[in-house]
């Protein structure tokens, strides 16, 4: 079986060690459960909770995503529509709330890949029917 690339593994929210197991239990559109992570990888057994409170650092990545989203949305509104201030004050929070599950999950995924100290090891895969 071919190996999945780093970017594809991040976008598909896969385990950083084997790049096959899923990080999250439910899809992002399950609003009440979008943040529920698996305790460990179903393919290689890696525990995703590195230490208690590990994912608090993902807030910095989330902050960067939200700032980039605000800048891009503001520029889009300014160039295309040139609206009054009230439209910015309505549009920016609405877009950030709608995209919050995606931003939350990708922030955690990227943080785990960058700071988790986990190296890719395709030989660690335990063959299961779901891997």
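A crude spin-label estimate for the pair residue 73 and residue 7, with each label 7 Å from Cα along the Cβ direction, gives 2.6 nm. Measuring nothing but how far apart in sequence close Cα pairs (under 8 Å, 6+ apart) lie, relative to its length, the chain scores a relative contact order of 37 percent. Once the Cα atoms are used to define both axes, helix 58-80 deviates from the longest principal axis of the chain by about 40 degrees.
Would you compute, from DSSP H runs of 4+ residues alone, the mean residue ellipticity of the chain at 222 nm, taking -39500 (n - 2.57) per run and dividing by the full residue count, rounded to the nearest 500? My calculation for the chain gives -14500 deg cm²/dmol from helical runs alone.
Here volume of the Cα convex hull per residue in Å³ was calculated from the structure, and among (i) 127; (ii) 100; (iii) 108 it sits at label (i).
With axes computed from alpha carbons, what is the tilt in degrees of helix 100-115 against the longest principal axis of the chain, rounded to the nearest 10 within 0 to 90? Tilt of helix 100-115: around 50 degrees.
Coordinate-derived values only; no laboratory data. Keep in mind the model is a prediction, meaning the values are calculated, not measured. Because the Cβ atoms are built from the backbone with ideal geometry, glycine has one as well, and the counts that use them run over all protein chains shown.
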